[in-house]
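The values are calculated or read from the model by the stated rules, or taken from the named source; none is laboratory data. Please read all numbers here as calculations on a predicted model, not as lab measurements. Neighbour counts are summed over all protein chains in view; Cβ atoms, including those assigned to glycine, are modelled from backbone coordinates with ideal geometry.
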Amino acid sequence: MLKIGEIVQTVKGIVETKIDMVKLDIQDQFASVLSRMIFLILMGGSLLLVLLFLSLSLAFFLSQYFESPHMGFLLVGLLYLLVLLILFLARDHDPTQEKIQKGMKSFVFRTRLFKKLKGDE
C-alpha cells in the first residue's frame, strides 16, 4: 500500500512538472510573438523606404513631364493628402478595423494557432 506522504509527493511532482511545462510554453509563445513583431517592424521600415524612393521618382518624373521643377512634388503631395483624407474618413468604419485587427492577430499569434491545429490531429 502507498502511504499518504508518497501520494502527496507524487502529486506535488506532477503539479511542479505541469507548472514548468506551462512556463516553457509561455516563454515559447512570447519569443514567437516578439520575433514576429520585430519582423513586422523591419517590414514596415523597408516599406517606408520603398515608398519614399517611389514617391521621389514619381515626383521627378511629373516635374519633367509638366516642365516645372515643383509641380511634380506638389502633385505627389496632393496624392498623399488624398490618401490621408480617405484613411481619416475610414477610421471609424468598423468592418475595416475588424479586418485589420483580425489580420494582425492571425499574423502575430500564428504559431499558437498551428500548435492547436497539430494537437487536434
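Can you pull out the residues in the stretch 87-99 that are part of a helix (DSSP H, G or I) and exposed (fewer than 10 other Cβ atoms within 10 Å of the Cβ)? Passing the criteria: 88, 89, 94, 95.
Within the stretch 14-29, residues that are under 19 Å from residue 107 (Cα atoms) have Cβ atoms under 7 Å from residues that are surrounded by 10 or more Cβ atoms within 10 Å (Cβ to Cβ) and modelled with pLDDT under 95 in these pairs: 29/112, counting only partners at least 6 apart in sequence or on another chain. Here is the figure for the stretch 36-70: residues that are touching a Phe, Trp or Tyr at 6+ places or on another chain (Cβ under 9 Å) and either assigned to a loop (DSSP other than H, G, I, E, B) or hydroxyl-bearing (Ser, Thr, Tyr) (or both) total 2. Taken residue by residue, the stretch 33-50 has no member that is surrounded by 10 or more Cβ atoms within 10 Å (Cβ to Cβ), of a type in the set (D, E, K, R) and out of contact with any helix residue (DSSP H, G or I) (no Cβ under 6 Å at 6 or more places or on another chain).
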